[in-house]
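S.K.: Just passing along the structure, written as structure tokens.
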Amino acid sequence: MSPEKIRLNTEWLCDCGGCHVSLVDLHEKILNVLESVQIQKCPVLTDEKGYPEAEIGILTGSIRTEHDRHAAIEMRKKCKTIIAFGTCAVYGGLHGAGLAHSREEIMDHVYLNSPTTRTNFIPATEVDGLEKLVTPIDEVIEVDLYLPGCPPHAHFIFEGLSALIEGTAPRVRQESVCGGCNRTMKKSDVTEIKNSADAVADDDICFLSQGFLCLGSVTLDRCLSPCPNHGIMCTGCAGPTMQILTEPNRDIRTEVSERMARLTEIPSEVIRKSMEQSAKTHYAYAMATKMIGDKPTFLIRKWIAEVEAS
């Protein structure tokens, strides 16, 4: 590690706070990081209200409010290197599901029509203004390093921070979650889509081969594949692979449906339609990024309208 302490600022925007907690998941390795880092601003550790100058700035969460936008701009001004930390910062995250509804619909539901809310008005001054869209931070400021994950895995956190502290280039990987999955793909005679509430998957066979929707093949490996290796279908929390992001006419449902159709007897159009009916789940983590939202194949409002009509 560098003999001189490197100044570090962190700030959270619209998120759950889990990404900040994930820093503690470094366990004893956090001591190695702290030997070389001086934490100046961190919502869970310090009471610093301003934005002191720093070499590294970690931003978690997406931009959803006026405060989020202000904080991101100030961090960019004061930090030499900005890390988009976590899937919300990189792709917009779960908040992106809000794009399927108007700002007015969301505010009405939360403050006026929710069965657990006891207000009859929408606050105008007590909370920060809600922006029209959920926005990944690189659409507002320049980002130097992306570290997706919900939250980022300790392995990649340590690898990325160590590289920055030592002045080296972080290792860039493009493997999918499937690359670390121990299950075996095989052709099957499955004819129907299954879910975990109705059936138990075999421990050794690929979920797609068994008729279970799994996003491992279209999700970037920033987790070391714990879910599929422990009996849980991948939900795509680390965001899409570069193949999905860069190919304009391919997306999550087209890729998964074609692969699953080749492994089973389920027609690809049946799989694709099933994914469209639960699109807010399958696209939950990345629909806010323009790389997904602007695709001609991504028609979230149309799919929701079809579900509601049925």
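What follows draws every value from the coordinates through simple rules; no lab data is involved. Values in this document were obtained by computation on a predicted structure and should not be read as measured data. Positions of Cβ are generated from backbone atoms using ideal geometry, with glycine treated the same way; all protein chains shown enter the neighbour counts.
S.K.: Which of the residue pairs Lys187/Lys290; Lys80/Lys132; Lys5/Lys49; Lys29/Lys78 have a Cα-Cα distance greater than 24 Å in the structure shown? Write down the numbers at each step before the final one.
M.R.: Details: Lys187/Lys290 35 Å; Lys80/Lys132 29 Å; Lys5/Lys49 21 Å; Lys29/Lys78 27 Å.
As for pairs spanning more than 24 Å Cα to Cα, those are Lys187/Lys290; Lys80/Lys132; Lys29/Lys78.
S.K.: Modelled label-to-label distance, Ala100 and Gln38, 7 Å Cα→beta-carbon offset: nm?
M.R.: 4.8
S.K.: What is the chain's relative contact order, in percent, from Cα pairs under 8 angstrom and six or more apart in sequence? Could you put the intermediate results ahead of the total?
M.R.: Values: 601 pairs, mean separation 54.4, N = 310.
For the chain, the relative contact order is 18 percent.
S.K.: Also: Which is the longest part of the chain that has none of the trypsin sites (Lys or Arg not before Pro) sitting in a DSSP loop with at most 15 other Cβ atoms within 10 Å? Can you show the working numbers first?
M.R.: Working: sites that count: Lys5, Lys49, Arg118, Arg171, Arg173, Lys186, Lys187.
With a cap of 15 other Cβ atoms within 10 Å, the longest stretch comes to 188-310.
S.K.: Here's another thing I want to ask about it. What residues have an amide H closer than 5 Å to that of Ile58, excluding those fewer than 5 places away on the same chain, when H is modeled at 1.01 Å from N in the peptide plane?
M.R.: The answer is Asn9, Thr10, Glu11, Ile83.
S.K.: If you compute semi-axes √(5λ) of the Cα gyration tensor in Å for the structure shown, which of (1) 35, 27, 16; (2) 27, 25, 17; (3) 44, 23, 20 do you land on?
M.R.: Read-out taken from this structure: (1).
S.K.: Whole-Hz Karplus ³J(HN,Hα) for region 108-121, in order, using 6.51 cos²θ - 1.76 cosθ + 1.60 and θ = phi - 60°, x for Gly and Pro?
M.R.: 4, 5, 5, 9, 10, 10, 6, x, 9, 9, 10, 10, 10, 8
S.K.: Sticking with this structure for a sec: If you place +1 on the Cβ of every Lys and Arg and -1 on the Cβ of every Asp and Glu, how big does the dipole about the Cα centre of region 177-309 come out, in debye to the nearest 20?
M.R.: 360
S.K.: Can you give the angle from 0 to 90° between the axis of helix 66-78 and the longest principal axis of the chain, with both taken from C-alpha atoms, to the nearest 10?
M.R.: 60
S.K.: What does DSSP give for the chain in terms of the percent of beta bridges that are antiparallel, rounded to the nearest 5?
M.R.: 20
S.K.: Full-extension gain between Ala163 and Thr46, please, as 0.36 nm times their residue separation minus the C-alpha to C-alpha distance.
M.R.: 39.7 nm
S.K.: Now for a different question. Taking H placed 1.01 Å from N in the peptide plane, check which residues at least 5 places from Thr241 or on another chain put their amide H under 5 Å from its amide H.
M.R.: Answer set, sorted by chain and number: Thr219, Leu220.
S.K.: At 0.36 nm per residue, minus the direct Cα-Cα distance, what do Glu131 and Ala197 gain on full extension? Give it in nm, one decimal, please.
M.R.: Stretched out fully, the Glu131 to Ala197 stretch lengthens by 20.1 nm.
S.K.: While we're on this one: Can you list residues whose amide H is under 5 Å from Lys194's amide H, if they're 5+ apart or on another chain and H is modeled 1.01 Å from N?
M.R.: Phe212, Leu213
S.K.: Give a residue-ordered list of calculated ³J(HN,Hα) values for region 302-310 (Karplus: 6.51 cos²θ - 1.76 cosθ + 1.60, θ = phi - 60°; whole Hz; x for Gly, Pro).
M.R.: Those phi angles translate into 5, 5, 5, 4, 5, 5, 5, 5, 7 Hz.
S.K.: Could you grab the Rg to Rh ratio for region 177-309? Cα atoms only, Kirkwood for Rh.
M.R.: My calculation puts Rg/Rh at 0.95.
S.K.: May I ask you to order 17-23, 93-99 by the average number of other C-beta atoms within 10 Å around their residues, highest value first?
M.R.: Packing proxy ranking, top to bottom: 93-99, 17-23.
S.K.: Follow-up. Give me the angle, in degrees from 0 to 90, between the Cα long axis of helix 154-166 and the longest principal axis of the Cα atoms of the chain, rounded to the nearest 10.
M.R.: So the inclination is approximately 40 degrees.
S.K.: Determine the calculated [θ] at 222 nm for the chain from helices alone, applying -39500 (n - 2.57) to every DSSP H run no shorter than 4 residues and normalising by the residue count; nearest 500 deg cm²/dmol.
M.R.: Only helices count here, giving -8500 deg cm²/dmol.
S.K.: So, one more: Determine the equivalent ellipsoid of region 244-308 by diagonalising the alpha-carbon gyration tensor, then write out the semi-axes as square roots of 5 times the eigenvalues, largest first, rounded to whole Å.
M.R.: 19, 15, 9
S.K.: Using DSSP to call loops (not H, G, I, E or B), can you name the GluC sites (Glu not before Pro) in region 251-304 whose Cβ has at most 15 other Cβ atoms within 10 angstrom?
M.R.: Sparse-neighbourhood loop GluC sites (Glu not before Pro): Glu265.
S.K.: Okay, next question. In nm, what is the difference between 0.36 nm times the number of residues separating Thr65 and Phe121 and their Cα-Cα distance?
M.R.: Result: 18.2 nm gained on full extension.
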